[in-house]
Amino acid sequence: MPVTAVVGGHWGDEGKGKVINLLARDADLVIRGHGGANAGHTVVNEQGRFAVHLVPAGIFNPRALCIIGPGVAVHPGLLVQELDELGAREIDVSGLRVSTAAHLVMPYHQMLDRAEDDAREERRLGTTGRGIGPTYVDKSRRVGLRVGDLLDARSFREKLQFVLDRKAHELAAVGVRRPEAHQVADEYLTYAERLLPYIAETQPMVDEAVARGRQVVLEGAHATLLDLDHGTYPYVTSSSCTVAGLLHGSGVGPRRLTRGIGVYKAYCSRVGEGPFPTELDNELGERIRTVGHEYGTTTGRPRRCGWFDAIAGRHSSRVNAFDGIALTRLDLLTGFAELQVCVAYEVEGQRLEYFPSQVETLERCRPVYETFAGWDEPLGGARGWHDLPANAQAYVRRLEVLLEAPVQLIGVGEAREEIVQL
Ligand code: IMP
C-alpha cells in the first residue's frame, strides 16, 4: 500500500493519531500536509502518551522520515517547544524535515485570530487561537512569510518590515498593536537557528520516496466537516482537510494515492462553535464526554458530544471516496442500553438524505434515528471480529452500509495494539 492518506470523517478528534501511529510503524515517509498547531494528535505507545501538534505522529518510528509539508502553517516557536518536549522524553526527532515552502505563523496572526473571533461576538467561530486562519489569509494575499525565508536573515528582516507596513490598517482595525519588526525578526531568527537542521527542500525527498514505491503515510489533520469547501462553513478551519487537500499540501500527485482511510469515532464530537445535529445537550452527552475524556488535545476545551451522524459521515465518505474506514473508540460505547445513529435529517416536515451546505439549513435539521441494542461486554481485549459481541458487530456492519465503505480497523482502546483489524 505505497501511499495511504488518513483523513478525519466528522469534525476532528476522531483518533487519527492512533491510526497514523499504527500505519507509520511500517512507513518510510510520513507527511503532514495542511493545518498547523491547531491540530492535536494523541499517540499512546510503549514510550508513553504523547500529544503532537505540528510534528507528524510518525515521529515515533525512528526509521521514518517525517515531513512537515508545504501546505502546513508552522509556528516555529511552537515547533521548537514540541521538539524540546519530545527530546526531553528521549524521542529521536532527527528524522524530521520542515518544508521551506511551508508558511510561518507570526505573532500578529495569533493576535488577529483572537481579536477577529472576539469581534464576531455571537457569530464567533471558537477558533483554537493558534493564528491559523490569518496565516492562510496572508498566504492567499501573497504577503505570507515562509520557513525558507528564515534562512536569509537580512532578507527576512526586509520582508517582515514590508509585510508589517502592509498590515498596519488591518491590525489597527481590530485594535491589535503593531509589533516592532526588529523584535519579531530577532525572535524568529533565534528559532531559525534551532530549526536549521530540519529545514529542507522536501519535494525531492517526497518525489524519490514515491517513485521508489516506498511506504508513505499522509497524515490528515482536523477533518472533512471542518474543510473550507466541504465543511460547515463558516464554522470550519482555514485549510483543505480532505484527501485531495492533503495530497495537494503534501506535494503528492493524486494518481499516486493507493488508499484513503476515513477515521470516524463510534460516536460524534465537535469542539468550537457550529451546527451539530446529533449533539446531546443532556446527561447522555455528559456521559459520553466523561467516559471518553472528551476534552480538546490542543485547547483543553470540553468537546460537544452526540450520536453518530451517518448523513454527515457519508458526505465525507463521498467527498473523499474513502477506500476504508477506521472506526475508533467503539469500546467507549459499552454499557449503553441503546445506541442511536442518525440516518436522515428532517427539516420542516421534509426528509433530507444529504448533508446541506448552508449552516442555516443544517441548524434546522432534526436527526432521524435508527436505534441499536447496546452491549455490556468491555471490548478492550478484542483483537478479531469474533471477539466483538453480536450487538457491536451489528452496529459496525450498519455503519459500513451507511458510510458506503468497508470498516478495516476498529479501535477498542487507546494503545496502538488495542485494535481489531479486518
Ligand atoms: P481554527 O482552526 O483554530 O481556525 O479553528 C476553527 C474551528 O475548527 C474551531 O471550531 C476549532 O475548534 C476547530 N478545529 C480546528 N482544528 C481542530 C482539530 O484538530 N480538531 C477539532 N476541531 C478543530
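Is it fair to say D113 is within 23 Å of A185 (Cβ to Cβ), open to solvent by 10 Å² or more (accessible area, probe 1.4 Å) and in contact with a Ser or Thr (Cβ under 6 Å, 6 or more places away or on another chain)? Yes, satisfied. For the range 111-144, give me each residue that is within 23 Å of the chain's Cα centre (by Cα), more than 10 Å from the ligand (Cβ to nearest atom) and not charged (D, E, K, R). Scanning the range 111-144 gives M111, L112, V137, S140, G144. The residues of the range 120-142 that are open to solvent by less than 50 Å² (accessible area, probe 1.4 Å) and in a helix (DSSP H, G or I), listed by number, are I132, G133, P134, T135, Y136, D138.
How about the range 332-351: which of its residues are closer than 14 Å to R287 by Cα, touching a residue at least 40 places away in the same chain (Cβ under 8 Å) and open to solvent by 10 Å² or more (accessible area, probe 1.4 Å)? Those that are closer than 14 Å to R287 by Cα, touching a residue at least 40 places away in the same chain (Cβ under 8 Å) and open to solvent by 10 Å² or more (accessible area, probe 1.4 Å): L332, T334, G335. Could you check, for the range 380-394, whether at least one of its residues is under 18 Å from C305 (Cα atoms) and open to solvent by less than 60 Å² (accessible area, probe 1.4 Å)? Within the range 380-394, none of the residues are under 18 Å from C305 (Cα atoms) and open to solvent by less than 60 Å² (accessible area, probe 1.4 Å). The sole residue among P70, P56, P76 that is at pLDDT 95 or above and touching a Ser or Thr at 6+ places or on another chain (Cβ under 6 Å) is P70.
Quick grid of which residues meet (1) more than 16 Å from the ligand (Cβ to nearest atom); (2) open to solvent by 10 Å² or more (accessible area, probe 1.4 Å); (3) not hydroxyl-bearing (S, T, Y):
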site: V174; (1), (2), (3): no, yes, yes
site: E180; (1), (2), (3): yes, yes, yes
site: A185; (1), (2), (3): yes, no, yes
site: P204; (1), (2), (3): yes, yes, yes
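How many residues are surrounded by 17 or more Cβ atoms within 10 Å (Cβ to Cβ) and either among the basic types (K, R) or within 16 Å of the ligand (Cβ to nearest atom) (or both) if we restrict to the range 257-271? Outline the logic, then answer.
From the range 257-271, those surrounded by 17 or more Cβ atoms within 10 Å (Cβ to Cβ) are 257, 260-271; that's our starting set.
This time we only want the ones that are either among the basic types (K, R) or within 16 Å of the ligand (Cβ to nearest atom) (or both), so: 262-265, 267-271.
Of the residues in the range 257-271, 9 are surrounded by 17 or more Cβ atoms within 10 Å (Cβ to Cβ) and either among the basic types (K, R) or within 16 Å of the ligand (Cβ to nearest atom) (or both).
Residues of the range 290-311 that are open to solvent by 60 Å² or more (accessible area, probe 1.4 Å) and either acidic (D, E) or within 17 Å of G374 (Cα to Cα) (or both): V291 alone.
Could you please let me know if H10 is touching a Cys at 6+ places or on another chain (Cβ under 6 Å) and within 13 Å of the ligand (Cβ to nearest atom)?
Values: touching a Cys at 6+ places or on another chain (Cβ under 6 Å): yes; within 13 Å of the ligand (Cβ to nearest atom): yes.
Here the answer is yes, as H10 does meet what is asked.
Out of all the residues in the range 215-230, which are open to solvent by less than 10 Å² (accessible area, probe 1.4 Å) and either within 14 Å of the ligand (Cβ to nearest atom) or small (G, A, S) (or both)? Walk me through it before giving the result.
Of the range 215-230, the ones open to solvent by less than 10 Å² (accessible area, probe 1.4 Å) are 216-221, 223-225, 227.
The answer is E219, G220, A221, A223, T224, L225, D227.
Could you tell me whether any residue of the range 312-321 is away from the ligand (no atom under 16 Å from the Cβ), under 20 Å from the mean Cα position of the chain (by Cα) and among the hydrophobic types (A, V, I, L, M, F, W, C)? Within the range 312-321 (the criterion being away from the ligand (no atom under 16 Å from the Cβ), under 20 Å from the mean Cα position of the chain (by Cα) and among the hydrophobic types (A, V, I, L, M, F, W, C)), the answer is yes, since at least one residue qualifies.
Just one residue in the set L225, L246 is touching a Phe, Trp or Tyr at 6+ places or on another chain (Cβ under 6 Å) and closer than 22 Å to A73 by Cβ; that residue is L225.
Does G245 count as under 17 Å from the mean Cα position of the chain (by Cα) and modelled with pLDDT of 95 or more? For G245, the condition - under 17 Å from the mean Cα position of the chain (by Cα) and modelled with pLDDT of 95 or more - is met.
Of all residues assigned to the range 272-289, at least one qualifies as being polar (S, T, N, Q) and open to solvent by 60 Å² or more (accessible area, probe 1.4 Å). I'd like to verify a number: residues in the range 171-219 that are closer than 24 Å to D113 by Cα and in contact with a Gly (Cβ under 6 Å, 6 or more places away or on another chain), how many? Final tally of qualifying residues: 1. Within the range 295-310, being of a type outside the set (A, V, I, L, M, F, W, C) and either at pLDDT 95 or above or within 11 Å of the ligand (Cβ to nearest atom) (or both) holds for G296, T297, T298, T299, R301, R303, R304, G306, D309. Checking R366, R397 one by one, the residue that is open to solvent by 70 Å² or more (accessible area, probe 1.4 Å), without any contact (Cβ under 8 Å) to a residue 40 or more places away in the chain, on the phi < 0 side of the Ramachandran plot and among the basic types (K, R) is R397 and no other.
Can E414 be described as surrounded by 17 or more Cβ atoms within 10 Å (Cβ to Cβ) and among the charged types (D, E, K, R)? When the stated conditions are applied, E414 passes them.
Looking at this structure, is T135 touching a residue at least 40 places away in the same chain (Cβ under 8 Å), of a type in the set (S, T, Y) and more than 30 Å from E418 (Cβ to Cβ)? Reasoning before the result, please.
Numbers: touching a residue at least 40 places away in the same chain (Cβ under 8 Å): yes; of a type in the set (S, T, Y): yes; more than 30 Å from E418 (Cβ to Cβ): yes.
Judged against the criteria, T135 is a match.
Apart from one condition, Y108 fits all of (1) in a strand (DSSP E or B); (2) touching a Pro at 6+ places or on another chain (Cβ under 9 Å); (3) among the aromatic types (F, W, Y); the exception is (1).
The values are calculated or read from the model by the stated rules, or taken from the named source; none is laboratory data. Remember, it's a predicted structure, so these values are computed and weren't measured experimentally. As a convention, Cβ positions derive from the backbone with ideal geometry for all residues, glycine included, and neighbour counts pool all protein chains shown. Side chains are part of the model used for accessible areas, which takes the heavy atoms of the whole protein and leaves out ligands, DNA and RNA. Shrake-Rupley method; radii C 1.70, N 1.55, O 1.52, S 1.80 Å.
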